[in-house]
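Written below as structure tokens is the structure these notes are about.
The values are calculated or read from the model by the stated rules, or taken from the named source; none is laboratory data. As the structure is a computational prediction, the values presented were derived from the model and not from experiment. Glycine gets a Cβ as well: all are built from the backbone with ideal geometry, and neighbour counts include every protein chain shown. SASA here: full protein model, heavy atoms, side chains in, ligands and nucleic acids out. Shrake-Rupley method; radii C 1.70, N 1.55, O 1.52, S 1.80 Å.
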Amino acid sequence: MLSIATKVEQIVMESAFLSEGLGRGLLNLSELARQLQPQLQTDLWKPVGQAAVVMALRRLAERMPQQKSREIVLAHRAGELSTRSELMIFTYRYSDQTYACQRQLLALAAPQRGTFITVTRGVNEVMVICSRSLHALVEEVFGAEQELARLERVTAVTLHLAPETCYTPGVYHAILKRLAWERINLINIICTYTELTLLLEASQTGAAFSVLSKIVAQ
């Protein structure tokens, strides 16, 4: 059976907000303990005193490394932030025909200037992100494949980073944390060497752009 200290640590470390707040000493431990009590009593199947939770939180805070702000290093050029709207995301089950479908799709889409398309292969799935104007082409090429999900009205927001961010721990966390604080939901993320592309619902584009613009302006 888990101890109170172990369960408290599990809850805190699963939340970026709680772990950062505890590491920086920003949280009222008594109030946090009071809020955690019901969950702890449910999970541990026994009464849990507030004092015991406070003690567990205090000891966890002492063991946590001091939290420091991460510097987000942007590319030194104009236009660090760009957007692409009117996108769709298709997800298919990976099969023996997936590679052939991928090659055919990219070949057919190449002549259509001004459109966007990218294909990402996972272990069991393949994801196609494309301009809305290409949706009929995707349906045709992958028509025999098992479609798992389809998302419409998607926007891509790309943040251009400096090459040295590749060697800077916590940079992506610093960006994603700011979006999470504003309750901006990300559908997916695409990373390349100096670009971080965030895929989100079109309705949240304005809020996300506002948050990221503040990062760019720093």
DSSP loop (so not H, G, I, E, B), at most 15 other Cβ within 10 Å: list which GluC sites (Glu not before Pro) in the range 144-218 pass both filters. Glu182
Given R₀ = 30 Å, what would the calculated FRET efficiency be for Lys177 paired with Arg34, taking r from the Cβ atoms and rounding to 0.05? 0.75
Provide the solvent-accessible area of Arg103, counting protein heavy atoms only and rolling a 1.4 Å probe, rounded to the nearest 10 Å². 150 Å²
Cross-chain or 8 or more residues apart, Cα under 30 Å: how many lysine pairs in the chain fit that? Count them up, please. 6
Full extension between Gln112 and Ile190 adds, at 0.36 nm per residue less the Cα distance, a length in nm of 25.8 nm
Return the sequence-ordered ³J(HN,Hα) values of the range 17-26 in whole Hz as given by the Karplus equation 6.51 cos²θ - 1.76 cosθ + 1.60 applied to θ = phi - 60°, using x for Gly and Pro. 5, 5, 5, 5, x, 5, x, 8, x, 9
Where Rh denotes the Kirkwood radius from the mean inverse Cα pair distance, what is Rg over Rh for the range 80-217? 1.00
Estimated FRET transfer efficiency when R0 is 41 angstrom, pair Phe17-Ser133 (beta carbons, to 0.05): 0.55
In terms of the charge dipole of the chain, which places +1 on Lys and Arg and -1 on Asp and Glu at the beta carbon, the residue among Val119, Val211, Leu108 farthest towards the positive end is Val211
Per residue of the range 141-158, in order, report the coupling 6.51 cos²θ - 1.76 cosθ + 1.60 (Karplus, θ = phi - 60°) as ³J(HN,Hα) in whole Hz, putting x for Gly and Pro. 5, 9, x, 8, 8, 7, 7, 9, 7, 9, 10, 10, 6, 10, 10, 10, 10, 10
Name the longest site-free stretch of the chain, where the excluded sites are chymotrypsin sites (Phe, Trp or Tyr not before Pro) in a DSSP loop with no more than 12 other beta-carbon atoms within 10 Å. 46-192
For a Förster distance of 45 Å, can you work out the FRET efficiency between the beta-carbons of Thr6 and Lys214, rounded to the nearest 0.05? 0.75
Between Glu145 and Tyr94, what length in nm is gained on full extension when 0.36 nm per residue of separation is reduced by their alpha carbon distance? 17.5 nm
Between Ala207 and Asp43, how many nm apart are label points set 7 Å from Cα along the C-beta direction? 2.7 nm
So if I place +1 on the C-beta of Lys and Arg and -1 on the C-beta of Asp and Glu, and nothing else carries charge, what would the dipole magnitude of the chain be about its Cα centre? I want it in debye, nearest 20. 620 debye
Whole-Hz Karplus couplings 3J(HN,Hα) for the range 161-173, θ = phi - 60° and coefficients 6.51, -1.76, 1.60, Gly and Pro as x, run 10, 6, x, 5, 5, 4, 10, 10, x, x, 5, 5, 4
Rg followed by Dmax, in Å, when the range 4-63 is reduced to its Cα trace: 10.4, 31
Non-local amide H neighbours of Leu161 (under 5 Å, H modeled in plane, Pro and chain starts lacking H): which ones? Ala75, Glu195, Leu196
